[in-house]
Amino acid sequence: MMLRSFVAVEIPAEIQSALARSTAPLQKALPKPLIRWVAPQNVHLTLKFLGDVSPANLERLAEALKTEAVAHETFDMSVGGLGAFPNPRRARVIWIGLEAPAALMALLRGVETVTARLGYTSEDRPFSPHLTIGRVGKNVSGTDFQRICTSLEGATVGALGTLRVDAVHIFKSDLQPGGSVYTHLYTLPMKST
């Protein structure tokens, strides 16, 4: 049995709560099916999407990432700000921003190196650290895009707190009719400072 998996940084409950509070007006203004909002407990920083992986390969990957994770010291990131990919006018993904210190980029490079050694394709797009909070529905009209753009431009999300990055996690993702369900599989601690 294959497991749809990814490597990520977890978001603590207090930031999830702050995120839910600060985006509630936006979620009310742009309900489903316009935007498929991510449940606060599912918000995470993806470092590497793996796709379908066998349990045996996941174990090998966890062992390799355990060695990599402990080579990196824990660090903090500031969470806050609101944006959209590719831009607010043609939004596809709505996100909360992250301050990306050099330590995050070093961790990302380490994860990429480990996964590439194990046969996973490297990411072509440049890494843009963010927390996905919503995805624009597939059948939105031009009028809907205008409504989304107006709502995004009128919304502000200030500082939501500081995220301590002290471990790398491997999750599996089960696609359900109500949205993805994430199950925590491995925690790989980093070097504490």
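The values are calculated or read from the model by the stated rules, or taken from the named source; none is laboratory data. For clarity, every value in this text was computed on a predicted model and none was experimentally measured. Cβ coordinates were reconstructed from backbone atoms using ideal geometry, including for glycine residues, and neighbour counts include every protein chain displayed.
Condition check for Arg89 on (1) of a type in the set (Lys, Arg); (2) more than 30 Å from Ser54 (Cα to Cα); (3) within 19 Å of the chain's Cα centre (by Cα): one failure, at (3). Taking each residue of segment 161-187 that is under 22 Å from Met77 (Cα atoms) and looking for partners that are assigned to a loop (DSSP other than H, G, I, E, B) and of a type outside the set (Asp, Glu) with beta-carbon atoms closer than 6 Å, six or more apart or interchain, yields Asp166/Thr74; Asp166/Met190; Ala167/Met190. Report whether or not Leu118 is in contact with a Leu (Cβ under 8 Å, 6 or more places away or on another chain) and within 17 Å of Ser5 (Cα to Cα). Taking the combined requirement at face value, the residue satisfies it. The numbered conditions (1) among the charged types (D, E, K, R); (2) surrounded by fewer than 14 Cβ atoms within 10 Å (Cβ to Cβ); (3) at pLDDT 95 or above are all true for Lys32 except (3). Scanning segment 119-135 for residues that are within 23 Å of Asn42 (Cα to Cα), among the small types (Gly, Ala, Ser) and surrounded by fewer than 16 Cβ atoms within 10 Å (Cβ to Cβ) yields a total of 1. Checking each residue in segment 78-118 for being aliphatic (A, V, I, L, M), within 25 Å of Ala159 (Cα to Cα) and surrounded by fewer than 18 Cβ atoms within 10 Å (Cβ to Cβ) picks out Val93, Ala100, Ala102, Ala103, Met105, Ala106. Across segment 1-35, the qualifying residues are those that are charged (D, E, K, R) and free of Cβ contacts under 8 Å to residues at least 60 places away in the same chain, and the one among them that is farthest from Gly158 (Cα to Cα) is Lys28. Of all residues in segment 95-120, those that are assigned to a loop (DSSP other than H, G, I, E, B), in contact with a strand residue (DSSP E or B) (Cβ under 9 Å, 6 or more places away or on another chain) and not hydrophobic (A, V, I, L, M, F, W, C) total 3. For Thr67, state whether it is of a type in the set (Val, Ile, Thr), outside any helix (DSSP H, G or I), at pLDDT 95 or above and within 17 Å of Thr113 (Cα to Cα). For Thr67, the condition - of a type in the set (Val, Ile, Thr), outside any helix (DSSP H, G or I), at pLDDT 95 or above and within 17 Å of Thr113 (Cα to Cα) - is not met.
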